[in-house]
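I have placed the structure first, in the form of structure tokens, so that the comments after it can refer back to it.
The values are calculated or read from the model by the stated rules, or taken from the named source; none is laboratory data. This structure is a prediction, so every number in the text was calculated from the model and none was measured. Methodologically, a virtual Cβ is constructed for each residue, glycine included, from the backbone with ideal geometry; neighbour enumeration extends over all protein chains shown. Accessible surface is based on the protein model in full, side chains and every heavy atom, while ligands, DNA and RNA are left aside. Shrake-Rupley method; radii C 1.70, N 1.55, O 1.52, S 1.80 Å.
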Amino acid sequence: KDAIAINLSGRQRMLSQRITKSLLALPHTKSDAERAQTIEEFREATKMFDQTLSAFAQGGEVVGGDGKPTTLNKVTNRLSATFISEAQQIWLPTRNKVAPYFANNIAIPESVLAESQSEMLSKNLQILKLMNKLTSALENDSRKQANLLRILQTIVFFIALTNFIIVVRK
């Protein structure tokens, strides 16, 4: 579960960049097909980013790195939860602008795309830094848990070894 969460937090960094890249690419599309593909990339990256961010905050099902559904537990580490909360606050205005169009599967007006582009350009680095911090915090938490498990395994091994030696001596 830790490895999945770490992987998905890393994916969040990539998705935040895809969202911004697709918004920046929209004015430069040369055909309707290219524009539709760029909007679809924006839609998919936005949906996946939002779904995963919510799952980190509340727990829930997301698309895993292998494209299959996977369940994320709510992040309980206080530092990680702070990063998630901050990212949600920064993300919320953009999310609220585009979500109704995605939910109803209707075209996003140019004004909304322009506002989203402006917001993501100003907030992209903040989101990226928070997702980097989240990844590091999840890795550190997982490392601490793994070290604790190793210590417990060592203690149990020595208890079993001591018992074995006592039984053999008797």
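Numerical summary
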quantity: Residue in region 129-137 that is open to solvent by 70 Å² or more (accessible area, probe 1.4 Å), modelled with pLDDT of 85 or more and under 27 Å from Ala81 (Cβ atoms) present; calculated: yes
quantity: Number of the exception - Gly65 against (1) at pLDDT below 90; (2) buried (at least 16 other Cβ atoms within 10 Å of the Cβ); (3) under 28 Å from Leu138 (Cβ atoms); calculated: (2)
quantity: Flag if Phe49 is farther than 26 Å from Glu139 by Cβ and either in contact with a Phe, Trp or Tyr (Cβ under 8 Å, 6 or more places away or on another chain) or open to solvent by less than 30 Å² (accessible area, probe 1.4 Å) (or both); calculated: no
quantity: Matching residues, region 17-56, being of a type in the set (Lys, Arg) and over 26 Å from Thr82 (Cα atoms); calculated: Lys21, Lys30, Arg35, Arg43
quantity: Test: residue in region 100-107 that is modelled with pLDDT under 90, among the small types (Gly, Ala, Ser), open to solvent by less than 50 Å² (accessible area, probe 1.4 Å) and over 14 Å from the mean Cα position of the chain (by Cα); calculated: no
quantity: Residue within region 94-117 that is of a type in the set (Ser, Thr, Tyr) and assigned to a loop (DSSP other than H, G, I, E, B) present; calculated: no
quantity: Matching entry among Lys30, Lys21, Lys74 (being assigned to a loop (DSSP other than H, G, I, E, B), open to solvent by 80 Å² or more (accessible area, probe 1.4 Å) and either among the small types (Gly, Ala, Ser) or over 24 Å from Gln145 (Cβ atoms) (or both)); calculated: Lys30
quantity: Residue pairs meeting the criteria (Cβ under 7 Å; at least 6 apart or on separate chains; first under 11 Å from Glu41 (Cα atoms), in region 1-27; second in a helix (DSSP H, G or I) and of a type in the set (Phe, Trp, Tyr)); calculated: Leu15/Phe49; Ile19/Phe42; Ile19/Phe49; Ser22/Phe42; Leu23/Phe42
quantity: Cβ-Cβ under 6 Å pairs, at least 6 apart or on other chains, region 129-151 side closer than 20 Å to Arg11 by Cα, far side in a helix (DSSP H, G or I) and aromatic (Phe, Trp, Tyr); calculated: Leu130/Phe83; Lys133/Phe83; Leu134/Phe83
quantity: Selection within region 33-46 - polar (S, T, N, Q) and buried (at least 19 other Cβ atoms within 10 Å of the Cβ); calculated: Thr38, Thr46
quantity: Test: residue in region 8-15 that is open to solvent by 50 Å² or more (accessible area, probe 1.4 Å) and at pLDDT below 90; calculated: no
